[in-house]
Amino acid sequence: MKMIFNLLRGYVVKNFKKFLIMIFAIAVSTTIIFGSTVARISQSKYTMDEIYKQSPSYQIEVGNMNPKDFETIKKDDNVKSCIIKKYFGQITQYDKLYFLEEFNNDAFKKLKHTLLNGRFPQKNDEIIISDDLFKSLKSDKKINSVDSNSDEYYIDFRYTKDYLNKNDENEMIDKTYKFKIVGTYKMTKIMNLVLDGQGIYVYKDFKYPKEVVTYNGLVDLKSGFKNVQEKIDELSLKLDSGQLNMQTNRALDMAISESGESSSFNMFDTGIIIASAFIIFNVFNIMMKEMIGEIGLMRVVGMSKNQSLAIFILKNLLVLILGSLIGFFGGYLLAQAMIKYLTLTGNSIDSSNAPIYISSHIISKTLKITISILIVSTIVPIVTTLKSYPVSMMSGKLRSPFNVIDDVLDKLKVYRKLKLFLLNKYKNKHKSKTLIIKMNNMKANIAINNSKRNAMYILSTAAVVGMAGLYGVMYFITADDGLDIGSPQLQSLGNYNISLNYTGASNSSDTGISKEDLKKITSIKGVDSIYTFATDFGYTKLNTSDLSDSFRKSLSINNKDKEQEMKFDIIGLNNEGLHSLESDHKGIIESGRIYKKNDKVVEAVVYNNYFDQGYSGDQQKFNEKLKLGDILTVKIPAEINGKLQYKPVNVKIIGFLSPKWFTVGTYTLSTVPDILIDSDEYAKITNNNNFSKVKIKANKSDLSDVRDQVKNIFKNKIYIKYEDRNTIENEENEFVWQAILRNISNSAMLSITAMINIVFSIVTSIAIRKREFGVMRATGFSIKDLKCILVFEGLIYGLVSSFTGFLLIFYKGVSWANLNRTVARLQHVPYNGDWYILPKIPILIFILITFIMCLLSVTFTFSKLNKDSVVSQIKEL
């Protein structure tokens, strides 16, 4: 054993620089793996802990459900407990949504609310509201103090509610009531983020029509969060109401999704691991060739294969221990930087100050990966050495890895038969044929023949350089889709230059983008066309037997033969806007025509599909029986004499939209069908002249000025969101720099690996071919000629590496184009791009850098040529 340690020590001293490189490879891979894993899990754990701390633990939220259905839920075997509270309607203030609900102390605690000031409601008209709403109302002097010494205030709130009457028909209540504010409360940040609106909690005996009462509730299941969506579907089938009024706890849904692995940084980066493995593989091979003579000699005089194996194992163990120790320290520092500057999980919680979390699981997983890298990268040279003949090893010769593998597989009968069959077939087909490479340039011939000896190094270097090129060019491939596929906002913008969106919650006539705003936009010089869009919901009575099977399934409708009011999105779209859509997207009108002015009946174009989120994740047919010429009686919310109520309107179907509408036209998510009518008709029916969305097309020469003037019109309207192509791309690319950083890091690491491969393979080649170089120098070759041969070898490295990189880039370009084509087909938009995506300039830059890198690597080896005299080189065995 002492001999083995002495031999190992001698090899370490002799090959100290190469040992450092192997240690460096292990250290880098350990740093990246450990650091990125610790950073991601630290942020994930911190995010999870914060969300759970601020979130309730129930599984199902129930909204606007009648008492009968709630009793059915409570009696279900899997329901552990229910907290229910009366729901009275919704209130809009400051373009935000608030829910008027019965105060329930258990629900208040469950939702993690905290009473800040005052007390809980104890009388009919008493309420508590959120602290931020109270501050806004007080600041705007919308509340009146009960008396000079009181902290209680009066406020008039208008509330509306959509409900089902005794005939299962939708009705609307719209009332204004004077409430007394007796307290304020605070919500957690997470609950404020995930809930559709804040609660305004009123005393349980609030005066309210009994027949209009419905309930909101929180449901705990005995099965917990396991398959909770399936449990919701089962409960919905029991109710058979055709209403989507149950959903999972959104706060905990968010916790689960945001704790998941980030797409920008994986647990470890493949490029770093491959680079480390190739460094270790090639350096280990080079060291093996330099020490092979000594090992062969010791094998001849009695060293066993096991003792040889022990040397290799001890050497790897030394590299592993030192590299891992350095890597764990570097990983800790890297994790600190990544946590501070990168977002590796969701954005709901600021995790930049998350504490470092290190567990035994992270350490063991990192070690497993690092050990796997070391084993995979050294197993072939170790087995090759152990399988080589000692006498050949003394001459510096090793058996080919392919021969070793052939020996191992030759023990299998199936392999022997297959090999014999292929050899016979090859001999018969290629009889008397030889491959002759003719080159007039002797130096090039020598370089080619030497490259054959170093085929393993050339191929491994080409693989590394190819991956480096792929990482470097990948951004330019994935950024080129030509159709804005994957960006709903850009697809929605289409050929328009500017988009304005109302982001508030109110549908009243004094909110949104007004007619006055539209006149100001129209008067701007350079505005070419305007697209106006307004939307609300409506109901029309249909027979459930006419509905598609998929739609009945999505709403859990069991009864296949009953009259039931079904929900539609009612959209007011100006005629110019729809004509523009038809012009830009041929075939968007699947059948029929665009609506026109009609004094007898309102003409409508219908989108007879919906987006099936729950099951297929695709667009599905809504109604099997709708056809051109049908007249539907649609109930649309309209403000009449200051009160919201449903107004029945007859609309005639004169056209159907194709599935393209979902991608390029709709802004309602299309989870229900759409009925499109002219914007003027929409305003006349609803008594609402405002718009929720406006798109503007401007002349190219005036575009900059138009943008500035539009921004100026809406600069003080915080609920009108301005967007153009630049703002959308900036918003979507907010975290793209992290992926680019990853690709650049991988590309740089792989490039460095390739240079190390080239340098060491040529240096080793020079060391092995000392006698050959000595003979060439003795026969008239100058040092300049030898350098020229090495330059040719560098060009061969560059040629093979560039070709390999091009193949990888080409494959990625083809696969990405195919993905775009598939997405375009699913979105029902045409894909006019090529069957491949090849960014020419980045590829040319990659090829140029590859050749420069290969030639530069070769120049590092020139000093080795002058090291020995001609005589000493010829004497070299």
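The values are calculated or read from the model by the stated rules, or taken from the named source; none is laboratory data. Predicted, not measured: the structure shown is a model, and the values here were computed from it. For neighbour counting, all protein chains shown are included, and Cβ atoms are generated from backbone atoms with ideal geometry for every residue, glycine included. Quick note on the areas: whole protein, heavy atoms, side chains included, nothing else; ligands and nucleic acids left out. Shrake-Rupley method; radii C 1.70, N 1.55, O 1.52, S 1.80 Å.
Exceedance of the 31 Å cut-off in Cα-Cα distance is limited, within the set Lys178/Lys520; Lys178/Lys562; Lys109/Lys717; Lys141/Lys515; Lys340/Lys717; Lys340/Lys660, to Lys178/Lys520; Lys178/Lys562; Lys109/Lys717; Lys340/Lys717; Lys340/Lys660. One chain, two ends: Phe537 and Asp132. Fully extended at 0.36 nm per residue, the span grows by 142.8 nm beyond their Cα-Cα distance.
Excluding ligands, DNA and RNA, the accessible surface per residue across the stretch 579-730 is 48 Å² with a 1.4 Å probe.
Mind giving me the FRET efficiency for Leu422 and Phe810? R0 is 35 Å, r the Cβ-Cβ distance, nearest 0.05 is fine. Here the calculated transfer efficiency is 0.75. Accessible area of Thr184 (1.4 Å probe, protein heavy atoms only, ligands and nucleic acids ignored): about 10 Å².
Here the gap between Thr779 and Leu412, fully extended at 0.36 nm per residue and compared with their Cα-Cα distance, gives a gain of 127.1 nm.
Can you work out the FRET efficiency for the pair Ser372 and Leu317, with r the C-beta to C-beta distance and R0 = 25 Å, to the nearest 0.05? Mind showing how you got there, number by number?
On the way: r = 15 Å, r/R0 = 0.59.
Calculated transfer efficiency: 0.95.
Kindly report the accessible area of the stretch 46-85 per residue (heavy atoms of protein chains, probe 1.4 Å, no ligands, DNA or RNA), in Å².
Numbers: 1920 Å² over 40 residues.
Per residue, the stretch 46-85 has 48 Å² of solvent-accessible surface.
Return the FRET efficiency for the residue pair Asn117, Lys80: r is the Cβ-Cβ distance, R0 is 25 Å, and the value is rounded to the nearest 0.05. Approximately 0.15, to the nearest 0.05. Available extension along the chain between Leu856 and Thr176 is 236.7 nm, counting 0.36 nm per residue and deducting the alpha carbon span. Projecting label points 7 angstrom from Cα along Cα→Cβ for Asp168 and Lys365 puts them 5.0 nm apart.
Would you rank Thr522, Thr478 by solvent-accessible area, highest first, keeping every protein chain in place and using a 1.4 Å probe?
Details: Thr522 85, Thr478 45 Å².
Listed by decreasing accessible area, they come as Thr522, Thr478.
Here the stretch 595-637 is scanned for amide nitrogen atoms under 19 Å from the site 7 Å beyond the Cα of Asp549 along Cα-to-Cβ, giving 609-626.
If contacts are Cα pairs under 8 angstrom and at least 6 residues apart, what is the relative contact order of the stretch 40-195 in percent?
Numbers: 196 pairs, mean separation 40.3, N = 156.
Worked out over the stretch 40-195, it gives 26 percent.
At a Cα cut-off below 30 Å, give the lysines reachable from Lys787, other chains included and same-chain residues fewer than 8 away excluded. Hits, sequence-local ones excluded: Lys14, Lys17, Lys18, Lys289, Lys397, Lys438, Lys443, Lys452, Lys770, Lys864, Lys867, Lys875.
What percentage of the solvent-accessible surface of the stretch 621-692, computed with a 1.4 Å probe over protein heavy atoms, is contributed by carbon and sulfur atoms?
52
Using only the heavy atoms of the protein chains and a 1.4 Å probe, how would Cys854, Cys82 rank by accessible area, largest first? Let's see the in-between values first.
Values: Cys854 0, Cys82 40 Å².
The ranking, largest first, comes out as Cys82, Cys854.
Listed cross-link partners Lys142/Lys180; Lys315/Lys387; Lys621/Lys695; Lys161/Lys625; Lys96/Lys721 are compared with a 22 Å cut-off, the Cα-Cα value being larger for Lys621/Lys695; Lys161/Lys625.
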